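So the structure is just underneath, and the comments pick up after that.
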Amino acid sequence: MLRPGFRDPVHDAQGVFRAVLDALARPGTVQPLATRLDPPAPLTPELAAIALALTDRDTPVWLDSALAARAEVAAYLRFHTGAPLTGDPARAAFALVREAGRCPPLSAFAPGTPAYPDTATTLVLALDTLEAGGGLRLTGPGIRGAADLALAPMPPGWPGALGDNRAGFPLGVDSLLTAPGRVAGLPRSTAVEG
Amino acid sequence: MSEMRGPESPYNFAYLDEGTKRMIRRALLKAVAVPGYQVPFASREMPMPYGWGTGGVQVTAAILGRSDVLKVIDQGADDTTNAVSIRRFFAKTAGVATTTRTADATVIQTRHRIPETALTEAQTLVYQVPIPEPLRFLEPRETETRQLHALGEYGLMHVKLYEDISRHGHIATTYAYPVEVAGRYVMDPSPTPKFDNPKMDDCPALQLFGAGRERRIYAVPPYTRVRSLDFEDHPFRVQRFDCPCGLCGAEGVYLDEMLLDDTGRRMFICSDTDHCEERRAAGHVGTEGA
């Protein structure tokens, strides 16, 4: 039986988008993310909410192996978004990662092109812990001075890989970090120190 | 189902269909991630002509939620045709609260001024942009300007400013004065008077730019360096006004010239009508104030 999507498609999608917009515009802040979703496991409500709010037939979506292993997840996303699923992370507009500890390297995703850096992948990670303060030190656009962000589990190669990603600006992958009820953004413009 | 605004509202919330909003929202997220870079988007026909703020309207429609409070200004004024029309458009199609008070607004759509009242982290400023490409009048081909942005090659813009100096003795560009965002992209701040350029720098509010006819969206995140281009020996300067506002006596604000009669009598008053009204309500009176 297919699980339902947003109860109120217009306003739920708007709420999720504004949380994501605030998160990306203010790296280091953790935004509340109300979802009211109960997607098939192991898809988390936060990953599902971002997918339902932002993806459609124009956006190829890549699923990590934990999500791709469950047919219910693909069926749920296909039905509610119409987005084509792709097996190639370098072609993905959005990449959903359930197991952040086994996330592929950032270089596996699309960095955009010099003329069109907006064609880069948006990486959406499900984490266990996401807290303002401690952990990574962030500087860059959207941040007043510096901000600290703690996350776990840390994807392989991070935070060094984020430094390489920043070095390629204006190319690079933008990341959305989610944990139950919350979202934070790590756009490619953010400089990260461990 | 989303609830209707009134028993038989024929509009989706904020006019645009959900697919269009998603497309604009994705463009906005990439615009925020690459500050100052112009993201192409599939601009829609709106029930108003190009040149009347269709880009700003589409950005506002894509971000607006039920709890937002919208303010719309046209050259600083809340009460001119463009501002009144757009405010009524969203009151009708989204049912959101509207205001003329800068401090009460969560979303402010503007053509093209930045309010005198300092913006806060809780606010988003949406600019209506006619020509988003700062290099367009120097290089008409989009393929070439896109390449120049990709290479970060902005020498052409400095030549243009230098030609101002050689012709006029100073940089004569007074509006749409080019800025460099976060040390990378050169951006057209829309035809804001250059007086407002310093307010874009390190601003607590999120700044979003929509160009409907030209189909571009770009952004400046909060607390981002926005530097007006200049030369060491000709540093960037804003306009200065000789007299305070005739109505409220405000100094250090942007003033509009008003002709009073056919003998050439004139006065200068605040361009930001809300700022002027609040000052007068607080008891400030200018030389011509009643």
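The values are calculated or read from the model by the stated rules, or taken from the named source; none is laboratory data. On a predicted model such as this, the values are computed, not experimentally measured, just so you know. Note that we place each Cβ from the backbone using ideal geometry, even for glycine, and neighbour counts take in every protein chain shown.
A few remarks follow.
- Checking B:THR54 against (1) crowded, with 20+ Cβ neighbours inside 10 Å; (2) among the hydroxyl-bearing types (Ser, Thr, Tyr); (3) at pLDDT below 95, the condition it does not meet: (3)
- Scanning region B:140-152 for any residue that is over 20 Å from B:ALA211 (Cβ atoms), within 14 Å of chain A (Cβ to nearest Cβ), not in a helix (DSSP H, G or I) and not basic (Lys, Arg) turns up at least one such residue.
- Residue check for B:LYS71: of a type in the set (D, E, K, R), crowded, with 17+ Cβ neighbours inside 10 Å and part of a strand (DSSP E or B): yes
- B:PHE236 vs. criteria more than 13 Å from chain A (Cβ to nearest Cβ), at pLDDT 95 or above, under 24 Å from the mean Cα position of the chain (by Cα) and part of a loop (DSSP other than H, G, I, E, B): yes
- Filter result for A:ASP118 (of a type outside the set (Ser, Thr, Tyr), crowded, with 17+ Cβ neighbours inside 10 Å, within 11 Å of chain B (Cβ to nearest Cβ) and within 24 Å of B:LYS21 (Cβ to Cβ)): yes
- Yes/no for A:ARG78 being of a type in the set (Lys, Arg), away from chain B (no Cβ under 13 Å), over 18 Å from B:ARG25 (Cβ atoms) and without any contact (Cβ under 8 Å) to a residue 24 or more places away in the chain: yes
- Any hit, region B:124-137, residues being surrounded by 15 or more Cβ atoms within 10 Å (Cβ to Cβ), within 14 Å of chain A (Cβ to nearest Cβ), in a loop (DSSP other than H, G, I, E, B) and among the acidic types (Asp, Glu): yes
- Flag for A:ALA167 being farther than 30 Å from B:ARG216 by Cα and exposed (fewer than 15 other Cβ atoms within 10 Å of the Cβ): no
- Any hit, region A:7-18, residues being among the β-branched types (Val, Ile, Thr), at the interface with chain B (Cβ under 7 Å from one of its Cβ atoms) and free of Cβ contacts under 8 Å to residues at least 12 places away in the same chain: yes
- Filtered by the rule that a residue be among the aliphatic types (A, V, I, L, M) and in contact with a Pro (Cβ under 6 Å, 6 or more places away or on another chain), region A:51-107 gives A:ALA66, A:VAL73, A:ALA92, A:ALA93, A:ALA95, A:ALA100.
- Some residue of region A:49-63 being away from chain B (no Cβ under 14 Å) and either outside any strand (DSSP E or B) or basic (Lys, Arg) (or both): no
- Listed by first and then second residue, the pairs with beta-carbon distance under 6 Å, at least 6 apart or on different chains, first residue in region B:230-253 and farther than 21 Å from B:HIS170 by Cβ, second basic (Lys, Arg), are B:CYS248/B:ARG279; B:CYS248/B:ARG280; B:ALA250/B:ARG279.
- Pairing residues of region B:11-34 that are more than 7 Å from every other protein chain (Cβ to nearest Cβ) and closer than 15 Å to B:THR93 by Cα with residues that are in a helix (DSSP H, G or I) and modelled with pLDDT under 95, at Cβ distances under 6 Å and at least 6 apart in sequence or on separate chains, gives no pairs at all.
- Scanning region A:26-36 for residues that are touching a Ser or Thr at 6+ places or on another chain (Cβ under 9 Å) and either charged (D, E, K, R) or facing chain B (nearest Cβ under 10 Å) (or both) returns a single hit, A:PRO27.
- Answer residue from region B:154-181, given it is without any contact (Cβ under 8 Å) to a residue 40 or more places away in the chain and exposed (fewer than 13 other Cβ atoms within 10 Å of the Cβ) and is nearest to B:VAL238 (Cα to Cα) among those: B:ALA172
- When residues of region B:74-95 are limited to those that are farther than 25 Å from B:THR174 by Cβ and touching a residue at least 40 places away in the same chain (Cβ under 8 Å), the one surrounded by the fewest Cβ atoms within 10 Å (Cβ to Cβ): B:LYS92
- Only a single item in (1) exposed (fewer than 13 other Cβ atoms within 10 Å of the Cβ); (2) within 28 Å of B:GLN123 (Cβ to Cβ) is not met by B:THR263, and it is number (2).
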